[in-house]
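S.K.: Could you have a look at this structure, given as structure tokens, before my questions?
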Amino acid sequence: MYTKNINTHLIEIQDYFKAAISVDCVIFGFDENELKVLLIESDLKEFKGKWSLLGDIMHPDEDIETAAYRVLRERTGLDGVYMEQVQAFGGINRHPAGRVITIAYYSLVNIQHVELKTHSNELHWHAVKDIRQMAFDHKEILGTCLERLQHKVIEQPVGFNLLPKKFSLRELQNLYEAILDVKLDRRNFRKKFFAMDYLIDLNEEEQEVRHRPAKLYKFNQEKFDKQHKKSLGF
């Protein structure tokens, strides 16, 4: 039986470590009745004129989640927003600089609260439905994260993270239609949400609108947290 010597093992280990780990953040927002994603113009010549997700190489002194929150904070100025890890993407030739394995996250932010940090590259919100091409494999990552979000909003009311604290039922339905890319029946949609009992009537109405002012609500986070813990057996 052939046994490798220590030098052979060291060479193999060095080869294994010739790969970088990065994080890519799909930052979703909701504005003008459209689901949007925050993109930056690529500064690599291989992807000149194309847009990419916000990401960075993970620093040696941070874990993956810390790196993801760092990217989000540096680019949007936000802390403590909703974020979820989706999956790893490790195509051999996905990055022109070499072997880079990336961990994808998606986050949900209120666009009105975002202070964009542009640095040297252009940074813009893009309507998800209008995106056709992206740098790297970022179109695939965006599609995967969107599918995860679509499943999530059906299971849990995470979409409230995209809305202002006070919102109308019209805004709520527009949000779900934008995420799911479907037209929902107004009556059934409202009936289902009232049945979940996650809405608090604020006894207020919209101000300075051209249409008939709608009633305003807010999300009952406390009630959702209690019911969620109960469903988990806590």
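S.K.: Kindly check whether there is at least one residue in segment 176-192 that is of a type in the set (Gly, Ala, Ser) and exposed (fewer than 12 other Cβ atoms within 10 Å of the Cβ).
M.R.: Taking segment 176-192 and keeping what is of a type in the set (Gly, Ala, Ser), we get 178.
Next, from what is left, pick out any that are exposed (fewer than 12 other Cβ atoms within 10 Å of the Cβ): none.
Checked against the condition, which is being of a type in the set (Gly, Ala, Ser) and exposed (fewer than 12 other Cβ atoms within 10 Å of the Cβ), segment 176-192 yields no hits at all.
S.K.: Could I ask something else about it? Given the options 223, 192, 229, 129, name the one that is of a type outside the set (S, T, N, Q), touching a residue at least 24 places away in the same chain (Cβ under 8 Å), assigned to a helix (DSSP H, G or I) and more than 22 Å from residue 29 (Cβ to Cβ). Please lay out each step first, then the result.
M.R.: Working: 192 fails: touching a residue at least 24 places away in the same chain (Cβ under 8 Å); 229 fails: touching a residue at least 24 places away in the same chain (Cβ under 8 Å); 129 fails: more than 22 Å from residue 29 (Cβ to Cβ).
None of the others qualify; the one that does is 223.
S.K.: Checking the condition out of contact with any Leu (no Cβ under 8 Å at 6 or more places or on another chain) and over 26 Å from residue 145 (Cα atoms), which residue from 190, 186, 170 passes? Give the steps one after another, and end with the answer.
M.R.: Details: 190 fails: out of contact with any Leu (no Cβ under 8 Å at 6 or more places or on another chain); 170 fails: over 26 Å from residue 145 (Cα atoms).
Matching residue, one of 190, 186, 170: 186.
S.K.: Given the conditions (1) in contact (Cβ under 8 Å) with a residue 60 or more places away in the chain; (2) within 19 Å of residue 110 (Cα to Cα), which single one is not true for residue 32?
M.R.: (1)
S.K.: In segment 65-111, how many are among the charged types (D, E, K, R) and touching a Phe, Trp or Tyr at 6+ places or on another chain (Cβ under 7 Å)?
M.R.: Narrowing segment 65-111 to residues among the charged types (D, E, K, R): 65, 70, 73-75, 79, 84, 94, 99.
When the remaining residues are screened for being touching a Phe, Trp or Tyr at 6+ places or on another chain (Cβ under 7 Å), the result is 84, 94.
Residues flagged as among the charged types (D, E, K, R) and touching a Phe, Trp or Tyr at 6+ places or on another chain (Cβ under 7 Å) within segment 65-111 amount to 2.
S.K.: A follow-up question, please. Restricting attention to segment 86-114, which residues are in contact with a helix residue (DSSP H, G or I) (Cβ under 7 Å, 6 or more places away or on another chain) and either modelled with pLDDT of 95 or more or within 21 Å of residue 161 (Cβ to Cβ) (or both)?
M.R.: Step one: of segment 86-114, the residues in contact with a helix residue (DSSP H, G or I) (Cβ under 7 Å, 6 or more places away or on another chain) are 86-87, 89, 96, 103-110, 114.
Within segment 86-114, 86, 87, 89, 103, 104, 105, 106, 107, 108, 109, 110, 114 meet the criteria.
S.K.: Scan segment 41-69 residue by residue and report those that are open to solvent by 20 Å² or more (accessible area, probe 1.4 Å) and in a strand (DSSP E or B).
M.R.: Once the filter is applied, which keeps residues that are open to solvent by 20 Å² or more (accessible area, probe 1.4 Å) and in a strand (DSSP E or B), segment 41-69 yields 41, 51, 55, 56, 57.
The values are calculated or read from the model by the stated rules, or taken from the named source; none is laboratory data. Here the structure is a predicted model, which means the values were calculated and not measured. Methodologically, a virtual Cβ is constructed for each residue, glycine included, from the backbone with ideal geometry; neighbour enumeration extends over all protein chains shown. Side chains included, ligands, DNA and RNA excluded: accessible areas come from the protein's heavy atoms. Shrake-Rupley method; radii C 1.70, N 1.55, O 1.52, S 1.80 Å.
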